[in-house]
Amino acid sequence: MNIIFIADSATMLLELDRLLKKNVNIIWIVFHESLYKELLTYGVERNRVIFFDLRFPFISKPLFLKRILNKIFHYLFKESSLDYYIQSLINRLNKEYKPKFYLTDTSKLLSKIDTKSPKATILHSVTYKNFYLNSSNLNYDILFLPGNYHKNRIKEYYSKICFKKQQLQVVGNLKLSPFVDNRKLDNKSKREILENYGLNPNWPLVLYAPTYDAFKGQNFFPEEFGGQYEKLNEYAEFLEKNKLNIIIKFHHYMACNFESKEIKGIIKRKNARLFKTKKNYDTIDGDSLLMASDIVVGDTSGILTTAIYLDKKIIFLEPDKFFNWSSADIEKHLRPGYVCNTFDDLLNATSYYMKKDEFIEKRNTFSDNVFFNKEVNSYPLLKNLIIENLQK
């Protein structure tokens, strides 16, 4: 029996592969060559991974012609050209493998595609964005959810839609599963991580983890802050004076920032370093870094909800004005940490956390209300639900 994983990254589906592969044959479809190689290094057999180039897939060479045709098609047809590429791929997979089930960690990619067999999504993060409430999810046979909070929010948001009986299935937050049995690092492990980055292991760590679409363009600070590179350097200087380290973890879509000369200048400071983000797709490598952090600074990213579960001190940067809180998966008031509108707010919030943590109880309440069965690894339940669906 075959099932297909349409994967944007390995972070959400790799553990499920390990649990399911004794019961079914899993074929991975990936769109980044580096992800293809990463899956092989994690032990996924080569004959189970297919790399599909979304950039005009009908020819491979010459490359310059492929790029030109890709630009022409996307200019003329925009998303419809991508849908055409994906549908042609799915037709091939149906013919060759006759899969009983499709599972993806994305939403829009398969939304309009006819897969013949049931399709489901787990999405790839529990964020403050418009992931679970996005209308593209309505086209899926199953939407696996992190908790009853999201299930109820979807039903309220789409109050006029009658969902199928099994369309909204709660499994828990899969992002938390690696931490269920080990939420804290011992001092030795934390010291080793900081030393490997060339940082003072006796200083607390601030993890700065902006996402790619909370601010204008690919900015990583609110417009009100002014020059973002200057302000980030100023923040690093502030932290150095107060004997704190900072590691900058950019989103994988923010290559223009993590490859910039300005950032390279900032990380020359003795207390500042850069996480080696992989361009275009998420990686598993950041889990230990998150555990080593004392304060996590972010905006609307899913790393913040995981950090809340890990009981980290959280600083939220208010997204730019275009951000629509009414359609956000998690409500605006459910941010258990300091919310900063100005650069001075950020400095003050950091200073307050050096003295006292005012949000311990609010973080615990958030985890209790938003995550289902948060003390249990969610993957075995997801595995069982998939097998149940395959047997119908």
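Quick notes on this structure:
- In segment 322-351, of all residues being aromatic (F, W, Y) and crowded, with 16+ Cβ neighbours inside 10 Å, the one that is nearest to N369 (Cα to Cα) corresponds to Y338.
- Sole exception among (1) surrounded by fewer than 19 Cβ atoms within 10 Å (Cβ to Cβ); (2) modelled with pLDDT of 95 or more; (3) small (G, A, S) for S80, by number: (2)
- Filter result for K155 (farther than 30 Å from P336 by Cα and not assigned by TED's automatic domain parsing to the domain that holds S327): no
- When each of D141, D181, D186 is tested for being within 23 Å of the chain's Cα centre (by Cα), of a type in the set (D, E) and at pLDDT below 95, the lone residue that passes is D181.
- Subset of segment 20-53 (residues that are part of a strand (DSSP E or B) and under 18 Å from L390 (Cβ atoms)): N25, I26, I27, W28
- Selection over segment 104-155 of residues that are buried (at least 18 other Cβ atoms within 10 Å of the Cβ), part of a helix (DSSP H, G or I) and small (G, A, S) gives a count of 1.
- Scanning segment 241-255 for residues that are modelled with pLDDT of 95 or more and basic (K, R), we see that the one that is surrounded by the fewest Cβ atoms within 10 Å (Cβ to Cβ) is K241.
- Complete set of residues in segment 365-392 that are free of Cβ contacts under 8 Å to residues at least 40 places away in the same chain and not basic (K, R): T365, D368, N384, E388, Q391
- Take the conditions (1) farther than 19 Å from P99 by Cα; (2) part of a helix (DSSP H, G or I); T11 misses just one of them, which is (2).
- If you check N23, N2 for being touching a strand residue (DSSP E or B) at 6+ places or on another chain (Cβ under 9 Å) and not basic (K, R), only one passes: N2.
- Cβ-Cβ under 8 Å pairs, at least 6 apart or on other chains, segment 45-57 side among the hydrophobic types (A, V, I, L, M, F, W, C), far side modelled with pLDDT of 75 or more and loosely packed, with under 14 Cβ neighbours inside 10 Å: V49/L40; F51/E33
- Selection status of S293, buried (at least 20 other Cβ atoms within 10 Å of the Cβ), in contact with a strand residue (DSSP E or B) (Cβ under 8 Å, 6 or more places away or on another chain), at pLDDT 90 or above and of a type in the set (S, T, N, Q): yes
- Once segment 305-342 is narrowed to residues that are in a helix (DSSP H, G or I) and farther than 24 Å from S136 by Cα, the residue that is nearest to the chain's Cα centre (by Cα) is T306.
The values are calculated or read from the model by the stated rules, or taken from the named source; none is laboratory data. All of these numbers come straight from a predicted model, not from anything done at the bench. Don't worry about glycine lacking a Cβ; one is built from the backbone with ideal geometry, like all the others, and counts go over all protein chains shown.
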